[in-house]
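J.: My questions will all concern the structure given below.
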Amino acid sequence: MNCYEIETRLGAGVYAKQQLTIVRGSGATLWDEDGNTYIDCTSGHGVANFGHAHPRIAQAIADQANTLVTLFETFPNDKRAALMEKLLSLAPGFERVFFCNSGTESIEAAFKFARLSSGKTGIVAAMRGFHGRTLGSLSATWNKAYREPFEPLIPGFKHVPYNNIEALAAAVDENTAAVVLECVQGEGGVFPADPQYLQAARALCTEKAVLLIIDEIQTGFGRTGSIFCYQQFGILPDMVCCAKSLAGGLPMGAVLIGSALKNLTPGTHGSTFGGNPLACAAGGAALQVLQDENLPQQAREKGEYLMARIRAVDSPLIRDVRGMGLMIGIELKQKVAPYLRALQKRNILALNAGMTVIRLLPPLVISYEELDRVADALEEVLKEPLT
Ligand SMILES: *Cc1c(COP(=O)(O)O)cnc(C)c1O
């Protein structure tokens with residue numbers, strides 16, 4: 001079966017397909033249909049934090065699949081109640097949680113909750129920010145290539161320069177319901193926030209009675225060296241949007257909700273699949289793995305190791321190396337596509353973030369031996385300019 005040919009012919013056409021069919025994974029390793037192995041530095045854009053086919057998560061999914069897959073949230077369930085308690089125990093200061101099925105849905109829910117709670121409609125987001133591709137979250141996303149074909153979008157959205165508190169203060173007005181920010185801009189090029197910026201944004205939102213939404217969809221669950229990235233900045237947001245690795249690879253999103261939120265009454269929002277027992281069982285197992293294997297600390301230590309090795313690469317092509325934990329961006333002075341192809345030839349799968357940034361998001365369980373292979377391959381491909 002030529003999967004590339006079939007998917008290119010029958011898929012909607014909205015993805016640029018690689019000629020590489022992947023059939024299996026374990027830890028940070030992926031196998032193609034011919035049995036070749038690759039080191040996965042994509043983690044499905046940050047989904048596979050706990051590694052592929054983690055035995056404890058796989059077992060929890062299999063057990064729950066044989067027990068109960070679906071149940072609307074009007075009926076309580078043991079796995080869902082347990083996940084609510086577990087998730088909120090990892091985010092002290094939050095009181096409630098809303099479950100959905102993806103990152104963009106968690107952003108949509110947070111925007112609706114902000115409107116319900118405040119009676120206002122405006123949202124201030126950041127330039128280079130990425131929050132998803134459905135119409136509400138797309139209105140907060142910066143990249144014009146994603147936005148413009150679908151305009152008009154939702155009115156009342158503003159974009160301000162990131163890491164610039166004066167610009168944020170100038171944009172917040174009496175119509176602003178919420179500010180939405182990433183702690184490390186992922187798609188936008190792996191740009192970490194300045195701590196003073198997020199702290200000043202928190203103070204500004206408190207002073208103006210505006211809700212602060214932090215998008216942790218990519219940065220959450222250990223990726224940057226703490227369970228949630230905001231925890232390293234000494235701030236408490238009003239809402240935190242989660243998805244990606246939350247349920248160990250199964251589709252799941254969540255909004256963590258703080259005490260400032262009001263008016264979340266029955267019927268105001270909902271989701272058919274949200275909080276289904278299968279995803280909740282996977283999430284419960286995934287969060288237990290996160291803690292038992294000390295994955296935030298592993299991400300911090302491995303990230304420092306890999307970043308130091310990349311910084312030691314003596315290449316005139318590199319403009320900047322930055323990131324937090326195992327969320328690393330290597331900005332080049334030219335387009336990264338040929339370098340990603342060269343890495344793939346050396347059996348390393350990596351991502352871009354924009355045209356000029358190589359983005360590395362390996363599973364947090366990646367071994368030091370694998371990190372060395374990634375660094376060696378980077379050193380080789382960045383030796384001389386490629387086209
Ligand atoms: C991936 C991502 C989203 C969108 O998540 P989906 O599950 O693809 O809808 C939103 N925000 C950030 C920061 C992301 O990385």
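The values are calculated or read from the model by the stated rules, or taken from the named source; none is laboratory data. This one's a predicted model, so the numbers in the text were calculated from it and none came from an experiment. Neighbour counts are summed over all protein chains in view; Cβ atoms, including those assigned to glycine, are modelled from backbone coordinates with ideal geometry. Areas reflect the complete protein model, heavy atoms only, side chains present, ligands, DNA and RNA absent. Shrake-Rupley method; radii C 1.70, N 1.55, O 1.52, S 1.80 Å.
J.: Taking Cα pairs under 8 Å and at least six residues apart, what relative contact order does segment 294-387 come out at, in percent?
T.: On the way: 133 pairs, mean separation 28.8, N = 94.
With pairs under 8 Å counted, the relative contact order is 31 percent.
J.: A follow-up question, please. By the gyration tensor of its Cα atoms, with a ≥ b ≥ c the square roots of the eigenvalues, what is the shape of segment 294-387: rounded for a/c under 1.5, prolate for a/b over b/c, or oblate?
T.: Because a/c hits 1.5 or more and a/b exceeds b/c, segment 294-387 counts as prolate.
J.: I've got another one for you. What spacing in nm lies between the two simple spin-label points modelled at Asp173 and Ser367, each 7 Å away from Cα in the Cβ direction?
T.: About 5.9 nm, to one decimal.
J.: I've got another one for you. When you count, for each residue, the other Cβ atoms within 10 Å and take the mean per peptide, how do 326-336, 62-72 rank with the highest first?
T.: Details: 326-336: 21.5, 62-72: 13.0.
With the highest mean Cβ count within 10 Å placed first, the list reads 326-336, 62-72.
J.: Another one. Whole-Hz ³J(HN,Hα) for each residue in segment 82-88, computed from phi via Karplus 6.51 cos²θ - 1.76 cosθ + 1.60 with θ = phi - 60°, x for glycine and proline: what do you get?
T.: Going residue by residue, I get 5, 5, 4, 5, 5, 4, 6 Hz, with x marking Gly and Pro.
J.: Of the peptides 176-188, 224-236, how do they stack up when ordered by the mean number of other Cβ atoms within 10 Å, highest first?
T.: Values: 176-188: 24.8, 224-236: 21.7.
Result, highest mean Cβ count within 10 Å first: 176-188, 224-236.
J.: Taking square-rooted eigenvalues a ≥ b ≥ c of the alpha carbon gyration tensor, is the chain rounded, prolate or oblate, where a/c under 1.5 means rounded and, failing that, a/b exceeding b/c means prolate? Don't skip to the answer; put the middle values down first.
T.: On the way: a/c = 1.60, a/b = 1.22, b/c = 1.31.
Cα axes put the chain in the oblate bin.
J.: Let me ask something additional. Please state the relative contact order of the chain as a whole percent: Cα pairs under 8 Å, 6+ residues apart?
T.: 22 percent
J.: Name the aspartates and glutamates eligible as straight-distance cross-link partners of Lys383: C-alpha to C-alpha under 16 Å, and not fewer than 8 places from it in the same chain.
T.: Correct list for Lys383: Asp314, Asp320, Glu331.
J.: Sorted by average packing, counted as other Cβ atoms within 10 angstrom per residue and highest first, what order do 292-298, 2-8, 38-44 take? Working shown, then result.
T.: Details: 292-298: 17.1, 2-8: 12.3, 38-44: 22.7.
With the highest mean Cβ count within 10 Å placed first, the list reads 38-44, 292-298, 2-8.
J.: Could I ask something else about it? Using Cα pairs closer than 8 Å and at least 6 residues apart in sequence, work out the relative contact order for segment 101-216, in percent. Please report the intermediate quantities before stating the final value.
T.: Details: 197 pairs, mean separation 32.4, N = 116.
Normalised by residue count, the contact order of segment 101-216 is 28 percent.
J.: What nm value, rounded to one decimal, do you get for the distance between Gln297 and Asn263 when each label is placed 7 Å out toward the C-beta?
T.: Inter-label distance under the simple model: 4.5 nm.
J.: Would you mind getting the accessible area per residue of segment 318-376, heavy atoms of the protein chains only, 1.4 Å probe, in Å²? Mind showing how you got there, number by number?
T.: Details: 2200 Å² over 59 residues.
On a per-residue basis, 37 Å².
J.: Which value, in Å² rounded to 10, gives the accessible area of Trp142 with a 1.4 Å probe and all protein chains present?
T.: Rounded to the nearest 10, the figure is 70 Å².
J.: Is the shape of segment 331-380 rounded, prolate or oblate, going by the alpha carbon gyration tensor and its root eigenvalues a ≥ b ≥ c, with a/c under 1.5 for rounded and a/b larger than b/c for prolate?
T.: Working: a/c = 2.17, a/b = 1.58, b/c = 1.37.
Because a/c hits 1.5 or more and a/b exceeds b/c, segment 331-380 counts as prolate.
J.: Continuing with this model, one more query. Round to a whole number: what % of the accessible area of segment 262-387 belongs to carbon and sulfur, probe 1.4 Å?
T.: Details: 2780 of 5610 Å².
Summing carbon and sulfur atoms, their accessible area is 49 percent of the total for segment 262-387.
J.: Continuing with this model, one more query. Roughly how many Å is it from the Cα centre of segment 130-167 to that of segment 352-387, as a whole number?
T.: Spelled out, the Cα-based centre of one part sits 30 Å from the other.
J.: A follow-up question, please. Once the Cα atoms of segment 89-238 are picked out, what are the Rg and Dmax in Å?
T.: Answer for segment 89-238, Rg first and Dmax second: 14.2, 41 Å.
J.: So, one more: Per residue, what accessible area does segment 55-292 have, given a 1.4 Å probe and all protein chains present, in Å²? Intermediate results must be reported in sequence, preceding the final value.
T.: Working: 9530 Å² over 238 residues.
I get 40 Å² per residue for this part.
J.: Can you flag which of Lys112/Lys158; Lys17/Lys335; Lys86/Lys112 are past 21 Å Cα-Cα? Please list the in-between numbers first.
T.: Numbers: Lys112/Lys158 17 Å; Lys17/Lys335 19 Å; Lys86/Lys112 25 Å.
Cα-Cα > 21 Å for Lys86/Lys112; rest within.
J.: Now a separate question. Note down the accessible area of Glu95, probe 1.4 Å, to the nearest 10 Å².
T.: 110 Å²
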